[in-house]
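Peer 1: I'd like to ask some things about the structure below.
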Amino acid sequence: MFNQYQLPYGSDALEPVIDALTVETHHGKHHAAYTKNLNDAAEKAGVSDMDIEELLGSLDKISDEGLRKAIRNNGGGFYNHNLYFSTIAPNGAKEPTGALKAKIDETFGSFDALKQKLTDLATGQFGSGWAWLSANKAGDLMASASPNQDNPISEGTGFIPMVAIDVWEHAYYLKYKNLRGDYIKALFDIMDWKAVEENYARITK
Ligand code: MN3
């Protein structure tokens, strides 16, 4: 059984960056549907007890093509949104510190350069998808983008995502309409880098 991340903040808590109706629709409808559809497909495939990262990293072991596709899409949707909603917050830490900050500076030059890189990847992702900051067990960092509900785990990169930028239109269209760039710029204002640092510590432990 896979459990949807429950928001520790109210649906209006991310205003004005993300409006309450978008949070309610995104978390309460889209994310909830991915979770339900994942649980249905996982039960049929006999993989309900697997860890989600392990499951997304071994999709080729699911022999039924329809179930494999359902778990790739809905398992990705479940996992990606758990990450997205758990790394944004009304009063999150505005910048990384410690080991993560040092690695960002080493890899990308600066925190601002990383934000620019993620912005370029997110605005450049054609159609629906995501931009990511990921880490591997050795602590290396990778910035990348994926289509649909894919992510660096289902793509077999060996990296685990720790920052998720959702650029599906359902994430921003009610408020930002076609202005994806404005949404991405604003999204950085509510990212919680303390939560990201906790992800980095977990991935590299
Ligand atoms: Mn979404």
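The values are calculated or read from the model by the stated rules, or taken from the named source; none is laboratory data. Note that the structure is predicted; figures quoted are calculated from it, not measured. Quick reminder, even Gly has a Cβ in these numbers, built from the backbone with ideal geometry, and neighbours come from all protein chains shown. Protein only, heavy atoms only, side chains kept; ligands, DNA and RNA dropped before computing areas. Shrake-Rupley method; radii C 1.70, N 1.55, O 1.52, S 1.80 Å.
Peer 1: Just 124, 98, 158 to compare: in a GNM of the chain, with alpha carbon springs under 10 Å, which one fluctuates most?
Peer 2: 98
Peer 1: How far apart, in nm, are the 7 Å Cα→Cβ label points at residue 116 and residue 128?
Peer 2: Label-label distance for residue 116 and residue 128, simple model: 3.2 nm.
Peer 1: Here's something else I'd like to know. Summarise the accessible area of the chain (1.4 Å probe, protein heavy atoms) by the percent that is carbon and sulfur.
Peer 2: Of all accessible area on the chain, carbon and sulfur atoms account for 51 percent.
Peer 1: Now for a different question. What full-extension length gain, to one decimal in nm, is calculated for residue 6 and residue 182 as 0.36 nm per residue of separation minus the Cα-Cα distance?
Peer 2: Between residue 6 and residue 182, full extension yields an extra 60.7 nm.
Peer 1: Using the alpha-carbon centroid of each, what span in Å lies between segment 15-67 and segment 105-123?
Peer 2: 28
Peer 1: Between residue 202 and residue 15, what is the label-point separation in nm under the 7 Å Cα-to-beta-carbon projection?
Peer 2: 3.0
Peer 1: Which of 152, 96, 161 moves most in a GNM of the chain, Cα contacts under 10 Å?
Peer 2: Among 152, 96, 161, the largest GNM mean-square fluctuation belongs to 96.
Peer 1: Might you report the magnitude of the Cβ-based charge dipole of the chain about its Cα centre, with Lys and Arg at +1 and Asp and Glu at -1, to the nearest 20 debye?
Peer 2: Dipole of the chain, to the nearest 20 debye: 120 debye.
Peer 1: Along the charge dipole of segment 20-86, pointing to its positive end and built from +1/-1 on Cβ of Lys, Arg, Asp and Glu, which listed residue (45, 22, 63) has its Cα farthest out?
Peer 2: 22
Peer 1: Ok, one more. Using Cα pairs under 8 angstrom and six or more residues apart, how large is the relative contact order of segment 20-86, in percent?
Peer 2: 43
Peer 1: Return the Cα extents of the chain along principal axes one, two and three, sorted largest first, each rounded to a whole Å.
Peer 2: Computed over the chain, the largest-to-smallest principal extents equal 44, 40, 31 Å.
Peer 1: A further question follows. For segment 98-204, what is the charge dipole size about the Cα centre, in debye to the nearest 20, if Lys and Arg each add +1 at the Cβ and Asp and Glu each add -1 at the Cβ?
Peer 2: Approximately 100 debye in magnitude.
Peer 1: What range in the chain is the longest one free of chymotrypsin sites (Phe, Trp or Tyr not before Pro) that are in a loop by DSSP and have at most 15 other Cβ atoms within 10 angstrom?
Peer 2: The reported range is 10-125.
Peer 1: Got a sec? Charge dipole of segment 123-197, +1 on Cβ for Lys and Arg, -1 for Asp and Glu; which of 170, 146, 156 is way out at the positive end?
Peer 2: It is 170, whose Cα lies furthest towards the positive end.
Peer 1: Shifting gears a bit: Find the accessible area per residue for the chain; the probe is 1.4 Å, ligands and nucleic acids are left out, and the unit is Å².
Peer 2: On a per-residue basis, the chain sits at 47 Å².
Peer 1: Find the Cα radius of gyration of segment 111-205, compare it with 2.2 N^0.38 Å by division, and give the number to two decimals. Working shown, then result.
Peer 2: Numbers: Rg = 13.2 Å, N = 95, 2.2 N^0.38 = 12.4 Å.
For segment 111-205, the normalised Cα radius of gyration comes out at 1.06.
Peer 1: Once ligands and nucleic acids are excluded and a 1.4 Å probe is used, how much of residue 1 is accessible, expressed in Å² to the nearest 10?
Peer 2: Taking all protein chains as shown, residue 1 has close to 150 Å².
Peer 1: Can I ask one more? Can you bin every Cα-Cα distance in segment 1-111 into 10 Å intervals starting at zero and give me the percent of pairs per bin, rounded to whole numbers?
Peer 2: With 10 Å bins starting at 0, P(r) equals 13, 34, 26, 23, 3.
Peer 1: Report the extension gain between residue 174 and residue 155 in nm, rounded to one decimal, defined as 0.36 nm multiplied by the number of residues separating them, less their alpha carbon distance.
Peer 2: My answer for the length gained is 3.8 nm.
Peer 1: Over segment 76-205, what is the mean sequence separation of C-alpha contacts under 8 Å (at least six apart), divided by residue count, expressed as relative contact order in percent?
Peer 2: The value is 35 percent.
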